[in-house]
Amino acid sequence: MKCFEYCESKQIVCKKRTCKYWIEHNEKNNCTVLASKDGPMTLQEIGEIFGVTRMRICQIEKKILKTLSSQISKHPYF
């Protein structure tokens, strides 16, 4: 059982700071995977979870989309 599955099943806040999904956010049980299960969020809401601005999340989103687009054009059957 994965860390986030355990925390979700027990409905507890994760204490495992070494987990790659761990975030400092008790409301989301300190887990990005569990936070994402809440459904779509605004850039502002995502920024609040990670402690950064909405604009920073927008910059990250643009970079990710550019990277994905580049990968798709390199591997059209991917």
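None of the figures in this text is laboratory data; all of them are computed from the coordinates on show. If you're wondering where the values come from, they're calculated on a predicted model, not measured in any experiment. For neighbour counting, all protein chains shown are included, and Cβ atoms are generated from backbone atoms with ideal geometry for every residue, glycine included.
What the table below lists for this structure:
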{"item": "Residues of region 17-38 classified as buried (at least 17 other Cβ atoms within 10 Å of the Cβ) and of a type in the set (D, E, K, R), total", "result": "1"}
{"item": "One residue from Ile49, Ile57, Ile64 being aliphatic (A, V, I, L, M) and over 26 Å from Glu5 (Cβ atoms)", "result": "Ile57"}
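To keep it simple, each residue is scored yes or no on (1) in a helix (DSSP H, G or I); (2) among the basic types (Lys, Arg).
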| site | (1), (2) |
| --- | --- |
| Tyr6 | yes, no |
| Lys15 | no, yes |
| Thr18 | no, no |
| Glu27 | yes, no |
| Ile46 | yes, no |
| Lys63 | yes, yes |
| Ser70 | yes, no |
